[in-house]
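Bear in mind that the values in this text are calculations on the coordinates, not laboratory data. Values in this document were obtained by computation on a predicted structure and should not be read as measured data. So basically every Cβ, Gly included, is an ideal-geometry build from the backbone, and we count neighbours across all protein chains shown.
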Amino acid sequence: MRKLLGGIAIASLLLSFAPLTAHAATPKPGALCPKLNQTQISNGVKYSCVKSGKKLVWNKGVVIAKPAPAPVVIPSAQPTQAAQPTQPPTPVVTKPALAYPFPNKYWQIVGGSCIPTGAQLPQTIGYTEKYEIAFLFCTTQGKWAEDKGSDNWDQETGLISTPRPADYLRQYDYFVPAEWAKNQTAQFVTGNYSARPPYGYYPGVASTKEPKSLLSSATNQLPVVDCKIKGSEPPTKNGEWNNTGFPMPAERWKVANVNIQLAAFAFPDRQSKLTPDELFGPAMRAVSAYWENTSDVPVKINWRVPKDWIQLSRPIESYKSNRDRDPQGWAQNTLQEADLKVDFTDVNMVIFVTPERPSATAWQPSHFHSPLIPSQGWQTNEGKIYNVSLMEWFTFGADDTALAPMGWIHHFLHMAGADDNFDARTPVNEPGSAKWNVEINKYMGVWGNMSQIILNEPLFWDKFKMSQIKDSQVVCVSPIVGGTYWIRPNAISGNVPKGIVIPLGEQKGIVIESVRAVGYNYMMYPKNQGALVYTVNTSSSDWEDHPLALIPRPGVKDSLYRDGALRLGDSVTVSGVKITVVESDEFGEVIKVEKAG
């Protein structure tokens, strides 16, 4: 009733201001009128007083358009149908709300700007306007456009079923740093993606959000020492000690302070127009940046690089050992001759490099990466060396994978005692085939640099073992007591808890970490973010015994576990321990650990 009375009052007020001329006699065009510009409305026509010569007369008038009648609202229990417009409106694409886990801001999107090169570059993988995964190409107008085809993308995992090969983790990066542009193109041409450089590093930003779950008290946790799972003893069969557990042997190099000698040797039949620093400097600087970017403790990497090549007296092949495929023998023979020319005082690591390989058929020593046992360190005039490596030229030329720093980093991890997370000793499938690749990499899939060198952020266990993080960042949980704990993304810097370790015995355990599309994993498909769960078995010193094994989420589709991280609500049971993701957001994961059953 109040609304009705208000409406009557407003209508009365409006009527009180209606022009009086609306009720006068209808003006006759051409008849005299009293005042210039006076107007009068009659029967829907507006007449104006105008000057004609020396007289003021009424004009012919203008018909006034009738306003549309106001809609009458009739109260009803049933909704009324809206009137249809006479013409359809212009369609507008509304982008979805960009809540976690979308988007990956390092991917391209249709309509975004790009730089046409005129060259036949690979398609990249990015988003449509609706944030669906698709192939994109750069138009001549400098805009990203969808390359529509018969591609069948799985929007839940980022996987594709199509005649065209595709992997969102191996896409062409249009924002590649300048020093790696040619190297990237060369690797796409050869198809050798596995040793590609870290084209970019994106640190991400720590979220200010916090979980809502009731978290367990820190008093429920075990002392961190209980989670420092014992490593293997020095082997007796060979001179390399791959120790995936604790304590870190004193002979191993450490990120806190390491002196690296670049053993840049040239030969009468193998010379270079570039200095060692000109050729390998970008890789060395990228290696240093890698450890600085991925560590939450101070890092000190000291490179000792000769200004010019150290010239040896004989042809390169003449230094090889009499034993078949013995690159270490070649390196020891060259080191023996070069010892008088190099000061190895306080050196913790030696990396052997040679000038560029002139052709694919030219002889080249094979690569190695050896964490030597205490009794077999290489003797120099200044002391013993226990961490040695050789960077092999796999093809030839200045864009070879020997210059790709992810291969160097893989060697560094080996020299720190890390094992490969694959097993190629007794394959059933033909080596090099797709089935063979899945067979040998079925343990950790694409995760970690010691797997396929694709998702290159160090795994939490590797960071823990190498002292890249502090003990306070490890949540040590009893498999019996359990609890609910919050872990932050492993790849985002910060002195916060980043992983859970559950000891299952002297040399076995479970590790849980939060993985995100940042750091060196910046190309991840957003929906594949989550909690990575894997087991650790440190009992073997054999470098092919794959000490880590992923426990994938229920319903995983990819045989290499790209979608293997647990998502919100997922649970897995490992050795009688049930692990559940109870919260997942930008802030990381809240994990519930409990005894199964």
| Dipole magnitude of region 250-416 about its Cα centre, charges +1 at Lys/Arg Cβ and -1 at Asp/Glu Cβ only, in debye to the nearest 20? | 140
| Where Cα atoms sit under 27 Å apart: lysine pairs in region 250-416 separated by 8 or more or lying on different chains | 15
| request: Specify which residue in the list THR380, ALA338, HIS411 is farthest towards the positive end of the charge dipole of region 250-416, using unit charges on the beta carbon of Lys, Arg (+1) and Asp, Glu (-1), about the Cα centre. | output: THR380
| task | Among PHE368, PHE175, rank each residue by its count of other Cβ atoms within 10 Å, from fewest to most, as a rough exposure measure. | result | PHE175, PHE368
| note | Over region 268-340, the quotient of the Cα radius of gyration and 2.2 N^0.38 Å is 1.43
| With each label point set 7 Å from Cα along the Cα-Cβ vector, what nm distance links LEU568 and ALA256? | 4.1
| note | Filtered hits (lysines, Cα-Cα < 24 Å from LYS55, offset >= 8 within chain) -> LYS28, LYS35, LYS46
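Holding the Cα-Cα limit at 24 Å, pick out from LYS105/LYS148; LYS435/LYS508; LYS442/LYS578 the pairs that are longer than that. Don't skip to the end; give the middle numbers.
Values: LYS105/LYS148 22 Å; LYS435/LYS508 29 Å; LYS442/LYS578 22 Å.
Flagged as over cut-off: LYS435/LYS508.
Antiparallel as a % of all DSSP beta bridges within region 403-518, to the nearest 5?
Antiparallel bridges make up about 50 percent of those DSSP assigns within region 403-518.
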| field | Coil-residue trypsin sites (Lys or Arg not before Pro) of region 237-271, DSSP, other Cβ within 10 Å capped at 13 | value | LYS237
| request: In nm, give the distance between the simple-model label positions of ALA181 and SER313, each being 7 Å from the Cα along the Cα-to-Cβ direction. | output: 4.6
| task | Could you sort out which of LYS209/LYS498; LYS212/LYS557; LYS143/LYS182 sit more than 21 Å apart by Cα distance in this structure? | result | LYS212/LYS557; LYS143/LYS182
| remark: Summing +1 per Lys or Arg and -1 per Asp or Glu among the other residues with Cβ less than 9 Å from LEU372's Cβ gives -1
| message | Out of the GluC sites (Glu not before Pro) in region 359-466, which ones are loop residues according to DSSP with at most 15 other C-beta atoms within 10 Å? | response | GLU382
| field | FRET efficiency estimate (nearest 0.05) - Cβ-Cβ, ASN152 to LEU215, R0 35 angstrom | value | 0.25
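Translational diffusion coefficient, Stokes-Einstein: compute it for region 250-416 using the Kirkwood radius over C-alpha pairs as Rh, at 10 °C and 1.306 mPa s, and state it as an integer in µm² s⁻¹.
Estimated via Stokes-Einstein, D reaches 98 µm²/s.
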